[in-house]
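Taking it in order: structure first as structure tokens, then the write-up.
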Amino acid sequence: MDTRLQYQNIIKSLLQNHADYRTALGDGYISQVLFDDERGQYLVLDIGWSGDKYLHTTPIHLSLIGEKIWIQWDDTQEGVATDLLEAGIPKEDIVLGFRHPKIRQHTGFAVA
């Protein structure tokens, strides 16, 4: 299986697990997954009511750029990078896009 297709499948499964977990918390909102394979964009979207406050946030945003997975945003406890590593994605194929380019060289993950 080609690497890009394999990474798409891993990302989709991982994000669906996060969305299911977030929805199961029962805080009054639901988490949805949004996949765009053509453009390589993958999101978890929280939407609904949390008490008296309307919630519309994107806690996770991943991009598949070339053969690398870019973590554009990660607002999770454990970190999506940990999940990707546990799924078999090598560190050199994960870019912490939310980190400044000058900092990335010190993270142990891919620079770009």
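The values are calculated or read from the model by the stated rules, or taken from the named source; none is laboratory data. For clarity, every value in this text was computed on a predicted model and none was experimentally measured. Please note: Cβ atoms are built from the backbone with ideal geometry, for glycine as well, and neighbour counts cover all protein chains shown.
Structure above, values below:
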item: Scan of the range 1-60 for residues that are of a type in the set (A, V, I, L, M, F, W, C), more than 20 Å from Glu78 (Cα to Cα) and either without any contact (Cβ under 8 Å) to a residue 12 or more places away in the chain or surrounded by fewer than 13 Cβ atoms within 10 Å (Cβ to Cβ) (or both), ordered by number; result: Met1, Leu5, Leu34, Trp49
item: Some residue of the range 93-105 being in contact with a His (Cβ under 7 Å, 6 or more places away or on another chain) and either in a loop (DSSP other than H, G, I, E, B) or in contact (Cβ under 8 Å) with a residue 40 or more places away in the chain (or both); result: no
item: Counted residues, the range 32-88 - those being modelled with pLDDT of 95 or more, among the small types (Gly, Ala, Ser) and at negative phi; result: 3
item: Number of positions in the range 67-80 that are in a loop (DSSP other than H, G, I, E, B) and either free of Cβ contacts under 8 Å to residues at least 60 places away in the same chain or closer than 22 Å to Leu25 by Cα (or both); result: 5
item: Qualifying residue in the range 39-55 (condition: of a type in the set (Asp, Glu), assigned to a helix (DSSP H, G or I) and in contact with a His (Cβ under 9 Å, 6 or more places away or on another chain)); result: no
item: Condition broken by Glu78, with the remaining ones in (1) under 23 Å from Arg22 (Cβ atoms); (2) loosely packed, with under 14 Cβ neighbours inside 10 Å; (3) in contact with a Lys or Arg (Cβ under 9 Å, 6 or more places away or on another chain) satisfied; result: (3)
item: The range 81-92, subset in contact (Cβ under 8 Å) with a residue 60 or more places away in the chain and surrounded by fewer than 17 Cβ atoms within 10 Å (Cβ to Cβ), residue nearest to Leu14 (Cα to Cα); result: Ala87
